[in-house]
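What follows is a set of notes on a single structure, which appears directly below.
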Amino acid sequence: MATLSELLRDRSPVPDKVVDHLQRLIGSWSILSDLSFSDLLLFVPAHGDGRRFLVVGQVRPTTSQTLHLEDLLGLEVGEEVRPLLSRAWSLGSVVEGEMPVAARGETARVVCIPVRLDGEVVAVMTREAPLVVGRRPGELERVYVSVFDRMARMVTAGEFPFPVDEPLSSEAPRVGDGVMTLDGSARVEFASPNAVNAMHRLGIYRGVLGASLDELGLEDSPVPAAFAERVPHSEELELGEVAVFIRCIPLIDQSRVVGALVLVRDVTDIRRRDRLLLGKDVAIREVHHRVKNNLQTISSLLRLQARRLPRGDARHALEEAERRVRSIAVVHEILSRDTTDEVDFNEILPSLARMAEDLSSTAAPVHVTWSGEPGEMGAQVATPLAVALNELLQNAVEHAFVAPDYLGGGRRAEVHLAFDRRGDDLHVEVRDNGIGLPEGFCVDETPSLGLSIVRGLVNSQLGGHIRMHEDNGTVVNLVVRASHSDRDDLARI
């Protein structure tokens, strides 16, 4: 789906400041849609002549049914289909009327509202809703539509959207959460039932009509700042265990603040869940920290035990086991520093490289480098991948640079890891410039414990495959699943 800027760039070029103004309007007009119980569409001239128009924005209300079930973004219409639109553009004033909606087989009520910037009409916003016959609107509906009309006049005067607006979080209140309207002296004129309920949660049971929020006990409300600066302000107020999010939007007429729309949302349950999640995150980090410490203790014990043994197979086996445990500990160390179960594998590579370089002899020091971005992955992927790469690096250091002709040739012993993330798959190449593979070598039949571990990890836990061949040394190619889900676990059961 094309964005607003893409539609304007490709089919109706306009200055950057117009694009910014329309993007701010679309970023904040869900309030207008909810207040008017209507769909809103945003039109700009398709060819600059006011005869054909392009739909560059569409929003549906959460307070009522939608009129347009289909997506109209990118649709181009002429004045013969929407004459009201063309009149509003040419006159620069609000035009109302009726329009048939072919897709629904009914007639809709349409209000065309010019959108101004620096005194010039740059677009037209339409309010479109089904005709309602034989029903008297209640007080809440009358107040909401009245506030919409006031904000529509701000749009026509170029006073909405505001030139500077604070970014809204997903927890920002909407019209359905609770509404209060204030007069020019910041006193409450109307409060919806949901807004009254939110006040009750804060312990305010007295009548709110005619009182200011300060008099109600909400001294830290965003109302004074919104009135003084003439831009929206938000604040989250906490009284005891109750938390309420309040957003104040000033209503402006001829550059004067004549009132305000206050949206109220009770976020107590959200904050309680946030605290529970935070506690769980801390507990999970602590678990990873303890696992890391225990693994490091095991690694130290294996290292101490290996030093007590004479050089030979037993000592070599303990040293290999110690390095495998240490590679797993590296993953848990990173997990203990983060609140997620994702590991940035770039942080693991320096430790793996250092372990391999420490293993190399002074006669043929091995230099390990890497390129590409392995990216983030779950711990259930990062752990076996770290162990597999540790085995491959150790195998290269121990076997690729030991031939007498290599040691005497004065060449620099190098191992390079290359990473290429392709969607859910991670392609890894481990390349050394050593002596190559033995004659008749087959990775699926090798008796080597290290390569058997790699093959088992790649094929079973990582859902990938491994291939080895010669190219001025040994090249190992791995393809593994970098993303992991519970569904993958179920498939292996």
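The values are calculated or read from the model by the stated rules, or taken from the named source; none is laboratory data. Please read these numbers as outputs of a predicted model, since none were measured by experiment. Because the Cβ atoms are built from the backbone with ideal geometry, glycine has one as well, and the counts that use them run over all protein chains shown.
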> Do the conditions hold for residue 75, that is, is it in contact (Cβ under 8 Å) with a residue 12 or more places away in the chain and over 18 Å from residue 46 (Cβ atoms)?
Replying inline: no
> Which condition breaks for residue 170 when tested against (1) modelled with pLDDT under 95; (2) surrounded by 15 or more Cβ atoms within 10 Å (Cβ to Cβ); (3) of a type in the set (S, T, N, Q)?
Replying inline: (2)
> Which condition number does residue 159 fail, the rest of (1) loosely packed, with under 14 Cβ neighbours inside 10 Å; (2) touching a residue at least 60 places away in the same chain (Cβ under 8 Å); (3) in a loop (DSSP other than H, G, I, E, B) being met?
Replying inline: (1)
>> So if I check each of 86, 64, 38, 93, which one is surrounded by fewer than 14 Cβ atoms within 10 Å (Cβ to Cβ) and of a type in the set (Gly, Ala, Ser)?
In response: 93
> So which strands (runs of 3 or more DSSP E) are wholly in region 242-350 and hold at least 2 residues that are buried (at least 16 other Cβ atoms within 10 Å of the Cβ) and at pLDDT 85 or above?
Replying inline: 242-253, 256-266
>> When the residues of region 175-210 are narrowed to those that are under 18 Å from residue 31 (Cβ atoms) and in contact with a Gly (Cβ under 9 Å, 6 or more places away or on another chain), which ends up surrounded by the fewest Cβ atoms within 10 Å (Cβ to Cβ)?
In response: 189
> Among the residues of region 461-474, is any at pLDDT below 90, in a helix (DSSP H, G or I) and under 32 Å from the mean Cα position of the chain (by Cα)?
Replying inline: yes
> Looking only at region 19-50, which residues are more than 27 Å from the chain's Cα centre (by Cα) and farther than 21 Å from residue 145 by Cβ?
Replying inline: 43, 44, 45, 46, 47, 48, 49, 50
>> If a residue must be assigned to a helix (DSSP H, G or I), among the β-branched types (Val, Ile, Thr) and farther than 24 Å from residue 179 by Cβ, how many such residues does region 11-43 contain?
In response: 2
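Having 3 or more residues that are β-branched (Val, Ile, Thr) and in contact with a Gly (Cβ under 7 Å, 6 or more places away or on another chain) is the bar; report the strands (runs of 3 or more DSSP E) wholly within region 44-152 that clear it.
Where strands (runs of 3 or more DSSP E) fall fully within region 44-152, none carries at least 3 residues being β-branched (Val, Ile, Thr) and in contact with a Gly (Cβ under 7 Å, 6 or more places away or on another chain).
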>> All but one of (1) touching a helix residue (DSSP H, G or I) at 6+ places or on another chain (Cβ under 9 Å); (2) of a type in the set (S, T, N, Q); (3) in a helix (DSSP H, G or I) hold for residue 197; state the number of the condition that does not hold.
In response: (1)
> If you go through region 16-31 one residue at a time, do you hit one that is among the β-branched types (Val, Ile, Thr) and crowded, with 21+ Cβ neighbours inside 10 Å?
Replying inline: yes
> How many residues are basic (Lys, Arg) and loosely packed, with under 14 Cβ neighbours inside 10 Å if we restrict to region 417-432?
Replying inline: 1
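Could you check, for region 477-485, whether at least one of its residues is assigned by TED's automatic domain parsing to the domain that holds residue 374, within 20 Å of residue 375 (Cα to Cα), in contact with a His (Cβ under 6 Å, 6 or more places away or on another chain) and among the aliphatic types (A, V, I, L, M)?
yes
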> Restricting the first residue to region 256-270 and requiring it to be under 15 Å from residue 143 (Cβ atoms), which pairs with a second residue that is of a type in the set (Lys, Arg) and outside any strand (DSSP E or B) meet a Cβ separation below 8 Å and a spacing of at least six or different chains?
Replying inline: 259/150; 263/174
